[in-house]
Every structure is written in structure tokens, then in C-alpha cells.
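Q: Would you mind keeping the following structure in view while I ask a few things?
The values are calculated or read from the model by the stated rules, or taken from the named source; none is laboratory data. Everything numeric in this text was worked out from a predicted model, so none of it was measured. Counting neighbours? That spans all protein chains shown, and the Cβs are built from the backbone with ideal geometry, glycine included.
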Amino acid sequence: PRPRPTVRVRPLTGTETRRGDQQVVHSLGDGAVHVSAARHDATFGFSAVFDAGASQEAVFEGSGMRQLVELAVDGFSCTVFAFGQTGSGKTYTLMGPLAQSGSQPASPALLGLMQRSFTCLLEQSRSRGSDLALSASYLEIYNEQIRDLLSPGPPCALPLRWSKTRGFYVENQLSVEFESLESIVSLLLQGSQRRRTSAHALNRHSAGLHPLTWVLQASACPSKQGTLCFVDLAGSERVKETGSRHCISLLAKPRGKRTHIPYRDSKLTRLLARSLGGSGITLMVACISPSSRCLSETLSTLHYASRARRVTTRP
Ligand code: ADP
Ligand code: MG
């Protein structure tokens with residue numbers, strides 16, 4: 001199966017339970033999500049919905065992530081977008097609960113889509129032999145400034161350039177080759193610790209932040225270089241300020257109608273030009289909280305996701 005828009009409902013957090021938040025989102029099975037609250041009663045249909053009890057592995061296997069990795073190895077530009085409001089589980093879904101020190105989260109069962117994809121990439125690379133070289137880079141866009149999370153030393157903004165052969169690219173971006181899961185996971189951890197948010201445990205500091213990770217696969221034939229890019233979009237409640245609205249709207253458009261991409265509008269859309277354009281393949285993971293306090297953002301996330309669904313299921 002091709003990757004398809006996926007909805008993930010996280011469990012109520014301890015804080016939400018303690019303060020008595022109502023659970024207003026329920027998965028009805030068969031891809032149906034039901035939202036019920038005082039003035040709202042709506043059911044949305046998707047091809048894949050993961051509820052609070054779904055494991056990280058179930059999300060990896062059920063979202064089509066494995067197929068996306070294979071497409072990247074075959075030379076396609078593939079992108080995974082996690083979107084949803086702050087605190088909805090985007091980072092958890094992509095990376096799992098990252099350990100602060102050491103190189104692994106508490107339990108391998110909690111590894112996110114990224115670590116699982118890395119494992120899958122390495123397997124592919126081994127089975128295809130030496131014509132597959134893997135390298136990774138890790139960037140964040142914060143208030144329209146691009147920072148390289150892998151370069152040591154004090155953070156500085158990197159310029160975004162355009163060339164005929166490469167399209168948009170970040171000048172002086174560090175790209176690190178890797179051959180083992182340990183090395184790529186340790187790059188991910190190092191980079192994540194340099195994120196703007198890492199110093200503060202609080203999510204509200206993450207407004208305007210888009211961490212991106214590219215895993216590049218260079219094959220023997222340069223024209224067949226595939227990419228796999230993970231995007232942890234800034235909280236959807238902040239989309240107006242950050243340009244991620246453009247990305248989400250574009251993703252919700254029929255592929256053939258994505259003629260105008262508003263590259264000028266944000267660095268994010270320029271950087272993701274290849275993924276958002278005609279030949280890119282994207283997997284969108286819409287993350288939602290089940291709490292009554294998040295109702296309006298949950299509804300808007302589900303509306304976006306169901307628009308995108310109509311698109312991707314086209315033959
Ligand atoms: P976001 O990145 O969207 O702001 P996070 O991924 O940081 O949200 O998740 C917010 C909180 O909810 C974190 O404490 C995280 O561990 C927890 N959480 C998110 N998704 C799940 C899940 N599926 N199962 C258990 N806890 C989760
Ligand atoms: Mg996050």
C-alpha cells in the first residue's frame with residue numbers, strides 16, 4: 001500500500017486526567033474517528049486511525065512508513081509531516097520519548113517512526129550493497145532562520161540558496177554519513193538537544209519551530225538520489241505565524257493541482273519544494289489530543305487531514 005494520511009490520537013496525559021478533562025475523541029474502528037462534545041458531534045473517516053492504545057510499532061507498520069522508506073531507496077523524494085497542535089504527540093510519534101542522556105529511549109518499544117525508519121533504511125542498504133550511501137542532516141527553522149543542529153559550536157543562521165541543479169538548498173549544511181543505527185540515533189539525540197525547545201521542557205516555547213531531518217541516500221547513479229525527510233511542524237495553533245499553513249494546505253490539495261507553490265512565503269516551503277511538488281511522496285500524520293480543552297484545534301486538524309485524505313486515495 002502507498003503511504004496514506006494517518007491520524008493518531010494520544011492518550012490523556014496525567015495532568016489532563018488529574019484536572020478532570022473529558023475525553024471527546026474516540027476511535028470507532030475501521031478508520032472512523034468520532035468527536036463528541038456539547039455543541040459538536042462529528043465523525044471523520046480515514047484509512048488509518050491509531051487510538052490511545054496503539055503502539056509505536058503499530059503506527060510504523062500501519063501508516064505505510066515502511067513503503068515510504070523503500071520508495072526513498074528507489075530514488076523518490078519522500079517526506080513525513082507530523083502536524084497538530086502543540087502537545088498533541090508529534091514529537092512522540094516521530095522520535096518517541098528521547099532520553100536526555102545515553103543513546104536510546106527508555107524502551108525500544110517506544111522508538112518513534114524515525115528510528116524505525118533508520119533501521120529499515122540500514123537493512124535496505126545492506127541488502128543492496130555498496131551502491132547505497134546514507135547520510136543525514138538535521139535542521140530547524142525558527143522564526144524564519146535556518147539552523148544546523150548537527151554543527152558543533154555556537155548556533156548561526158545559514159543562508160538558503162537556489163541553483164539550477166540542486167534547487168533550493170542550505171549553504172554549508174552539515175551532512176553526516178552513517179552506517180549503523182547507533183551512529184544515526186546518536187546524531188538525532190545530539191541534534192535534538194540543540195533544539196531551541198530542549199532547554200525548556202515547555203512546549204509553548206516551540207512556536208515557530210520546524211525541526212527537519214533529512215536522511216539522504218546517495219546511489220551509484222546521482223540522478224537517482226532519494227531523500228527521506230521528517231518534518232515536525234510547529235504547533236498548528238501557530239500556523240499563521242510560521243508558514244506551516246502553506247504546507248498543510250498544499251498537502252491537502254490534489255497532487256495535479258499543486259501548480260503554484262508559494263515558495264516565497266516561507267523557508268519551509270522552499271526547503272520542501274521537492275516534496276511538495278508533483279513528484280514528491282508524502283505521508284501526513286495528524287496528531288490530536290483527546291481532551292475537551294483541545295476541541296477546536298482537534299476539529300481543525302481533522303478537517304485538514306480529511307481534505308488530504310480525499311487526495312491521496314485517488315488512483
Ligand atoms: P508535540 O510534539 O505535538 O508538541 P509531544 O510529542 O511532545 O507533543 O507530546 C506531548 C506529551 O504527550 C508528551 O509528554 C508525550 O510523552 C505525551 N504523548 C504524546 N503521544 C503519546 C502517546 N501516543 N502515548 C503516550 N504518551 C504520549
Ligand atoms: Mg514537539
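Q: Taking the condition modelled with pLDDT of 65 or more, hydrophobic (A, V, I, L, M, F, W, C), surrounded by 18 or more Cβ atoms within 10 Å (Cβ to Cβ) and out of contact with any strand residue (DSSP E or B) (no Cβ under 9 Å at 6 or more places or on another chain), does LEU250 pass?
A: Yes.
Q: Looking at the structure I just gave you, is VAL49 within 17 Å of ALA82 (Cα to Cα) and not in a loop (DSSP other than H, G, I, E, B)?
A: So VAL49 fits the description; yes.
Q: I need every pair where a residue in region 159-175 that is charged (D, E, K, R) has its Cβ under 7 Å from the Cβ of a residue that is not in a loop (DSSP other than H, G, I, E, B), sequence separation at least 6 or different chains.
A: Once the first residue is charged (D, E, K, R) and sits in region 159-175, its partners that are not in a loop (DSSP other than H, G, I, E, B) give ARG161/TYR169; GLU171/LEU158; GLU171/ARG161.
Q: Same structure again: Would you mention how many residues in region 125-154 are assigned to a strand (DSSP E or B) and among the basic types (Lys, Arg)?
A: The number of residues fulfilling the criteria is 1.
Q: Which members of region 52-88 meet the condition of being surrounded by fewer than 24 Cβ atoms within 10 Å (Cβ to Cβ) and assigned to a strand (DSSP E or B)?
A: If the condition is that a residue be surrounded by fewer than 24 Cβ atoms within 10 Å (Cβ to Cβ) and assigned to a strand (DSSP E or B), then SER77 is the only one that fits.
Q: Anything in region 155-188 that is touching a strand residue (DSSP E or B) at 6+ places or on another chain (Cβ under 9 Å) and in a strand (DSSP E or B)? List them, or say none.
A: Selection gives ALA157, LEU158, LEU160, ARG161, TRP162, SER163, PHE168, TYR169, VAL170, VAL176, GLU177.
Q: Of the residues GLN124, GLN100, GLN104, only one is surrounded by fewer than 19 Cβ atoms within 10 Å (Cβ to Cβ), closer than 27 Å to LEU158 by Cα and at pLDDT below 90; which?
A: GLN100
Q: Out of region 150-182, which residues are over 25 Å from ARG270 (Cα atoms) and surrounded by 15 or more Cβ atoms within 10 Å (Cβ to Cβ)?
A: PHE178, LEU181
Table: residues versus (1) within 16 Å of ligand 2 (Cβ to nearest atom); (2) hydroxyl-bearing (Ser, Thr, Tyr); (3) in contact with a Gly (Cβ under 7 Å, 6 or more places away or on another chain).
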{"position": "THR6", "(1), (2), (3)": "no, yes, no"}
{"position": "THR17", "(1), (2), (3)": "no, yes, no"}
{"position": "VAL24", "(1), (2), (3)": "no, no, no"}
{"position": "GLN56", "(1), (2), (3)": "yes, no, yes"}
{"position": "SER63", "(1), (2), (3)": "no, yes, no"}
